[in-house]
Amino acid sequence: MLAILQTILPVFILIGVGYGAIRTGYLKDDFADALNTFAVRIAVPVLLFRAMAGIDLGQAFLPPLLISFYTGVFFCFAAGIIVARRVFKRRPGEAVAVGFAGTFSNSVLLGLPIVERAYGEATMTMAFGIIALHAPLIYTVGMITMELMRRDGRTLGETLRRAGRSIIANPLMAGILAGLAVNASGLVLPEPLQASVDMLAAAAIPVALVGIGAALTRYRLTAALPETLTASAFSLIVHPAIAFVLSHYVFGLSSVAVHAAVALAAMPPGVNIYIFATLYDRAVNLAASTLLLATALSVVTISIWLYVVDTLLPL
């Protein structure tokens, strides 16, 4: 267990560096915007481009692996909505935002570095297959559900068009699609261009982690602690539990695939849950609280999940 904690601790130390730099006033608040803009619009898309350009598509897009991960995603989304409506008496649109908060894990900026440090390149192929569908699939379902449930919603056709535009305009998706195009074509990049891609890709994860920490200084816990803990529990406990049961006991996947599915499922919610809540002005404070609390709790819960999987299925 201590070895696992030591494996993931550097990731959270970099988050702490960003958080401390802003909180102490060493760097200005707008540093977070600049850093995250560079990470999300340039460095991370290049990282995803490089990964997709060289990935084994048959191994990455394994249907049982994707079913194991995304069954947990949509169960948590639906269960979060139901609990928010019936237990916490949220309005329909707010309930969707709560469900989304317990669903959208930080698979790229936090998941990739932890998977790479814990398991190495063998597991990364599986991880990239999951990540390629993550944002477009969850955002599309979330937006459609929101539009159908809130009273001031658009028509289904307008919602689908808006979701499509948002996905296509996403820089991360652009990197994924460009990489897949290069992969399918068999194109080999000239050495100077490949070297530039490698340099940007190497910068992506450290920059993104420091940016996460800097951005976390903007969020605060609200008084709705039971609801925040519930949304966090869906993300940190329920989702990885479903991914583990399905990938290991139902589909009998390889230990590499199980490790990838559970590790990514165990990630806390990312900043996308706050963006989604702000987009619709629904449960914004709850999203901010969940982002902050779940990220803090994940230091422990991720370590536990990695320990469980490593003990039962050593690589």
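The values are calculated or read from the model by the stated rules, or taken from the named source; none is laboratory data. Treat the numbers as computed from the prediction; the structure is a model and nothing was measured. Quick reminder, even Gly has a Cβ in these numbers, built from the backbone with ideal geometry, and neighbours come from all protein chains shown. Each accessible area value is taken on the protein alone, full model and side chains, heavy atoms only, with ligands, DNA and RNA left out. Shrake-Rupley method; radii C 1.70, N 1.55, O 1.52, S 1.80 Å.
Quick notes
- Every condition in (1) under 30 Å from residue 194 (Cα atoms); (2) free of Cβ contacts under 8 Å to residues at least 40 places away in the same chain holds for residue 40 except the one numbered (2).
- Within the set 54, 25, 20, 16, the sole residue that is open to solvent by 20 Å² or more (accessible area, probe 1.4 Å), without any contact (Cβ under 8 Å) to a residue 60 or more places away in the chain and among the small types (Gly, Ala, Ser) turns out to be 25.
- Residue match in the stretch 298-312 (condition: among the aliphatic types (A, V, I, L, M), touching a His at 6+ places or on another chain (Cβ under 8 Å) and open to solvent by 50 Å² or more (accessible area, probe 1.4 Å)): yes
- Test: residue in the stretch 172-179 that is in contact with a strand residue (DSSP E or B) (Cβ under 6 Å, 6 or more places away or on another chain), of a type outside the set (Val, Ile, Thr), at pLDDT 90 or above and surrounded by 14 or more Cβ atoms within 10 Å (Cβ to Cβ): no
- Within the stretch 189-222, the residues that satisfy the criterion of being touching a residue at least 40 places away in the same chain (Cβ under 8 Å) and open to solvent by 80 Å² or more (accessible area, probe 1.4 Å) are 218, 220, 221.
- Scanning the stretch 166-213 for residues that are assigned to a helix (DSSP H, G or I) and among the β-branched types (Val, Ile, Thr) gives 167, 168, 176, 182, 197, 205, 207, 210, 212.
- Residue match in the stretch 180-188 (condition: of a type in the set (A, V, I, L, M), over 19 Å from the mean Cα position of the chain (by Cα), closer than 30 Å to residue 86 by Cβ and surrounded by fewer than 18 Cβ atoms within 10 Å (Cβ to Cβ)): no
- When residues of the stretch 228-243 are limited to those that are under 17 Å from the mean Cα position of the chain (by Cα) and crowded, with 24+ Cβ neighbours inside 10 Å, the one nearest to residue 90 (Cα to Cα): 231
- Lone qualifier among 262, 250, 284, 258 - being in contact with a Ser or Thr (Cβ under 8 Å, 6 or more places away or on another chain), under 25 Å from residue 81 (Cα atoms) and at pLDDT 95 or above: 262
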